[in-house]
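Q: Below is one structure. I have some questions about it.
The values are calculated or read from the model by the stated rules, or taken from the named source; none is laboratory data. Keep in mind the model is a prediction, meaning the values are calculated, not measured. FYI the Cβ positions are ideal-geometry reconstructions off the backbone, even for glycines, and counts take in every protein chain you see.
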Amino acid sequence: MKAFILSLACSLLLSGPFLSELAAEPPHLPPPARELGRRPPDRGGDAGRAAQLRSSAAALGLSGLKLGGNPDFPSAIYGAGSGTIPGRTANEAARGFLTAFAPFYGLPHADLQTIETEQRPGFLPGYREVIAQRTVEGRPLYGARLRIHIGPGGEFLAALGDLYGELTWAGEPTLTGDEAAARATSVIDRIVKPEGIGPVRGATSPDAGITEAAYPLGARARPAFVVSGVVAANGIDLFEVVV
């Protein structure tokens, strides 16, 4: 239920009858959720993507990779039994994967330097997961990260998520973090309907996590804040709002 309520923030925020209300807001509110500002790279359609997948896989000696099939991760790559990725550590193996698959994700070589990796334990003993987060001007790019799953012997298992390349930085933020939290609270107060979940007026964010981020908008990355952990008056946790 919690996750549903502020998938509300990313979708209710900007749909249907609320668009006219948002039209009067300053331009640093996020674009409509149906656009999300995230333009998928042009990879030549399904045939082009499949060809690039095979080419990138061959560079690492992997075979039999499968693409997509999960609506939550349309660019997911699955590879159980496909082979191993060389590397003394999971981070090193993930870097090798990113280098080989940069063309698949539409990343020029220079953009590989903007990806930060973090290794953490996988779901089973010996398995590892590496989070590869794309950054722009040192800020995490919203929606642009991979979760790369690697087996105990370096086996490639899956890469979930997506990355975006060749984005131009649009400039410094016009809001402070506190102003962003206040804006997120205001948007929730006006847009989230109380029916079915109780009163939500008077949303507050005293303990909200505020992250300065970049937000992909067409070919540009604009400054943004991700506000999470906003709490409604009835105690319901509302997850993420981007302002």
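Q: For segment 107-186, give me every one of the strands (runs of 3 or more DSSP E) that falls completely inside it and has 3 or more residues that are buried (at least 18 other Cβ atoms within 10 Å of the Cβ) and under 19 Å from the mean Cα position of the chain (by Cα).
A: Hits in segment 107-186: 128-136, 139-150, 156-162.
Q: A further question on this structure: Just to verify a result, which residue in segment 55-71, among those that are within 22 Å of the chain's Cα centre (by Cα) and of a type outside the set (S, T, N, Q), is modelled with the highest pLDDT?
A: Taking the candidates together, the pick is Lys66.
Q: Ok, one more. Any residue in segment 77-87 that is at pLDDT below 90, touching a Leu at 6+ places or on another chain (Cβ under 7 Å) and over 17 Å from Ser55 (Cα atoms)?
A: Scanning segment 77-87 turns up at least one residue that is at pLDDT below 90, touching a Leu at 6+ places or on another chain (Cβ under 7 Å) and over 17 Å from Ser55 (Cα atoms).
Q: Next up: What tally of residues in segment 106-127 results from selecting those that are touching an Asp or Glu at 6+ places or on another chain (Cβ under 7 Å) and under 16 Å from Leu160 (Cβ atoms)?
A: Qualifying residue count for the region: 2.
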